[in-house]
Amino acid sequence: MIFERPILEVLIQRLREPRQKMHILSGARQVGKTTLSTQALKKITEPYLQVIAESSFTTSWLDQQWARARSLLKDHPSGAILVIDEIQKIDQWSERIKRLWDEDTVTGVQLKVVLLGSSSLLLHRGLDESMAGRYEVIHVPHWSLSECQTAFGVTLDEYLYFGGYPGALIYRHDEDRFLSYMQDAIIEPIVTRDILSQFVVHKPALLHQLFRLGCGYSGQVLSYNKMLGQMQDAGNTTTLAHYLTLLQQAGVLRGLDKFANEKVRQRQSSPKLQVYNTALMTGNAHLGFLSTMGNPELKGRLVESAVGGSLLMDPKLDVFYWRENNKEVDFIVSVKGKLVAIEVKSGRTQKHLSGLETFHKNFSPNNTLLIGSGGIPVEDFLTTPFSDFF
């Protein structure tokens, strides 16, 4: 039996609605966007065409596929579906898609369109400006612990170490193949191909170093100057901040801002490095499952990063950290005008809760959460919708 993610129902519902806007499936590499769209199409009664773009294709290829999809309407005038995967690989795709979509809107052609692309690399390259008002985004997150438990029967420790990439979890009993998959199917394609093909990167070696450094320091606050001090390919803080933004858009690594009342202070703060998926940490470290799980320091870092990664799965959550002098709080979540302060007691260090107490006194959050020893069990937090906590 093939596992069906809960988000599948969202896509099916959208496809069954009358033609209104294009649907954009946006998510990181290897989180199952193509599988999701294929599963949805099998449950839809309307005819469809599903194609995959290549970097060698031009916009004329888009015209051809659109014409093929329109022809499906001859026998089914009430509606048909066109799905284009890897749309970001075609130069100037957004202007052509915009023209074709507007033509159908004017003439009343009932062709529904689904576009798939790698994370917000897709959105950054034309959607916001060229296609404003013509699309809605369906965010496809990394796999949660609950999904991995249902689909693969993983334990909490396996999820912490092997992460939430379904393709990688298949090899959790063969660590050499797991590492090869992470490097060949995820890390190198994202850093070497996806980002470099979409953006001008003057220092590719620096981008690689920043990615490895960020995965190694996930869960830690690190100033840009300190980052530069650990890199061989000299750059500057502006370049590093830009490259970190690119890694965020690719859905692999983010620099969390420090929570403050003033937006300017948030942007000027040193970032707290945070991976979106803990497999990016272990896929670079090569330390082994048993050695890592037997080391409280290493396991604790995975626990904290798994908590942070789970928060980043929901695009509606604004996630920060907080620190003043020697007091800190691991994560501050802002959603719908509410604040939730989160401290993770992972066993990595002996933490005092004075940071939570001080933050509560200064900012009066709607809720404070302690995860781990003496608080909410890690597995319970990772398998509970975050909305339940506020």
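No lab work stands behind these numbers, since they all come straight from the coordinates. Nothing here was measured: the structure is a model prediction, and the numbers come from that model. Cβ sites come from the backbone with ideal geometry, for glycine too, and all protein chains shown count toward neighbours.
May I ask you to evaluate 6.51 cos²θ - 1.76 cosθ + 1.60, the Karplus curve with θ = phi - 60°, for each residue of segment 363-372 and list the ³J(HN,Hα) values in order in whole Hz, giving x for glycine and proline?
Result, ordered by residue: 10, 6, x, 6, 7, 10, 10, 10, 10, x Hz.
Given +1 on the Cβ of Lys and Arg, -1 on the Cβ of Asp and Glu, and no further charges, what dipole in debye does the chain carry about its Cα centre, rounded to the nearest 20?
In debye, rounded to 20, the chain gives about 640.
How big is the gap, in Å, between the Cα center of segment 166-180 and the Cα center of segment 1-33?
The distance from the Cα centre of segment 166-180 to that of segment 1-33 comes to 26 Å.
Over every pair of different alpha-carbon atoms in segment 27-162, take the mean of 1/r and invert it; report that Kirkwood radius in Å. Intermediate results must be reported in sequence, preceding the final value.
Values: mean 1/r = 0.0607 Å⁻¹.
Hydrodynamic radius (Kirkwood, Cα pairs) of segment 27-162 is 16.5 Å.
Can you give me the convex hull volume of the Cα atoms of the chain, divided per residue and expressed in Å³? Walk me through the numbers on the way to the answer.
Values: hull volume 58.6 nm³, N = 390.
Dividing the Cα hull volume of the chain by its residue count gives 150 Å³.
Hey, can you rank 275-285, 330-340 by average C-beta count inside 10 Å, highest first? Write down the numbers at each step before the final one.
On the way: 275-285: 25.2, 330-340: 17.3.
The packing order, highest mean first, is 275-285, 330-340.
Asp380 to Asn362: extension gain in nm, 0.36 nm per residue of separation minus the Cα-Cα distance?
3.6 nm
For the residue pair Gln92 and Ser373, what label-to-label distance in nm results when each label sits 7 Å from Cα along the Cα-to-beta-carbon direction?
6.1
If R0 is 25 Å, what FRET efficiency do you get for Glu324 and Asp388 from their C-beta distance, rounded to 0.05?
Between Glu324 and Asp388 the formula returns 0.30.
With the alpha-carbon atoms as the only input, what is the per residue convex hull volume for segment 172-267 in Å³? Kindly include the intermediate steps, with their values, before the conclusion.
Values: hull volume 11.6 nm³, N = 96.
That works out to 121 Å³ per residue.
Tell me which of Ile97, Ser118, Gln30 sits at the most positive position along the dipole axis of segment 7-139, charges placed on C-beta atoms (Lys, Arg +1; Asp, Glu -1).
It is Gln30, whose Cα lies furthest towards the positive end.
Hey, if you put +1 on the Cβ of every Lys and Arg and -1 on every Asp and Glu Cβ in the chain, which of Thr384, His360, His202 ends up farthest toward the positive end of that dipole?
His360
Please report, in Å, the Rg and the Dmax of segment 215-363, where both are computed over Cα atoms only.
When restricted to Cα atoms, segment 215-363 yields Rg and Dmax of 15.5, 44 Å.
Report the extension gain between Ala185 and Leu290 in nm, rounded to one decimal, defined as 0.36 nm multiplied by the number of residues separating them, less their alpha carbon distance.
Working: separation 105, 0.36 × 105 = 37.80 nm, distance 2.38 nm.
My answer for the length gained is 35.4 nm.
Among the DSSP beta bridges whose two residues both lie in the chain, what percent are antiparallel, rounded to the nearest 5?
35
Among the lysines, which have Cα under 24 Å from the Cα of Lys203 when same-chain residues fewer than 8 positions away are ignored?
Straight-line reach from Lys203, under 24 Å: Lys89, Lys226, Lys272.
Order these peptides, 376-385, 107-116, 210-219, by their mean beta-carbon neighbour count within 10 angstrom, highest first.
For the peptides 376-385, 107-116, 210-219, the packing ranking is 210-219, 107-116, 376-385.
Connecting C-alpha atoms closer than 10 Å in a GNM of the chain, tell me which of Leu169, Leu370, Leu253 has the biggest fluctuation.
Among Leu169, Leu370, Leu253, the largest GNM mean-square fluctuation belongs to Leu370.
Among Asn326, Asn295, Asn236, which one shows the biggest mean-square fluctuation in a GNM of the chain, springs joining Cα atoms closer than 10 Å?
It is Asn326.
Given the C-alpha centroids of segment 283-299 and segment 76-98, what is the distance between them in whole angstrom?
Distance between centres, Cα-based: 43 Å.
What is the gain in length, in nm to one decimal, between Ser334 and Thr238 on full extension, counting 0.36 nm per residue of separation less the C-alpha to C-alpha distance?
Difference between extended and current length: 31.9 nm.
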